[in-house]
Amino acid sequence: MREIRYGLDAAKKRVGLLAGRDITLVVNRGRNKIEKLHGRIDEVHDSIFTLKEVEGKVNSFSYSDVLTKSVKFFPPEG
């Protein structure tokens, strides 16, 4: 079972503070599928946020992904 340490509002605030900054996301897609994505948080909405990768691809994530640690934030590499 995944541990939830803070609430949905705290997750939204945390993601909102990172908007527009270069970051690295480590995403657990399940069944041992781990991805590292490099880009910027492009948009922050009520239910989701989007990450625009360096290559131009856009990924969307929910705040529950942050709460369950399926998505983890790290400073940019390099």
Take every Cα pair under 8 Å in the chain that's 6+ residues apart, average their separations, divide by the length, and report that relative contact order as a whole percent.
33 percent
222 nm [θ] for the chain, helices only, -39500 (n - 2.57) per DSSP H run of 4+, per residue, to 500?
-5500 deg cm²/dmol
Across bins of 5 angstrom width beginning at 0, how are the C-alpha pair distances of the chain distributed, in whole percent?
3, 16, 29, 27, 17, 7, 1
Report the gain in length on full extension from K72 to E55: 0.36 nm times residue separation, minus Cα-Cα distance, nm rounded to one decimal.
4.1 nm
Counting alpha carbon pairs within less than 8 Å and at least 6 residues apart, what relative contact order, in whole percent, applies to the stretch 5-48?
36 percent
About the Cα centre of the chain, what is the dipole size in debye to 20, counting +1 per Lys and Arg Cβ and -1 per Asp and Glu Cβ, all else neutral?
300 debye
What trypsin sites (Lys or Arg not before Pro) in the chain are in a loop by DSSP, with at most 13 other Cβ atoms within 10 Å of the Cβ?
R2, R5, R21, R29, R31, K33, K57, K69
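Each reported figure results from applying straightforward, stated rules to the coordinates on display, with no laboratory input. Please read these numbers as outputs of a predicted model, since none were measured by experiment. Cβ sites come from the backbone with ideal geometry, for glycine too, and all protein chains shown count toward neighbours.
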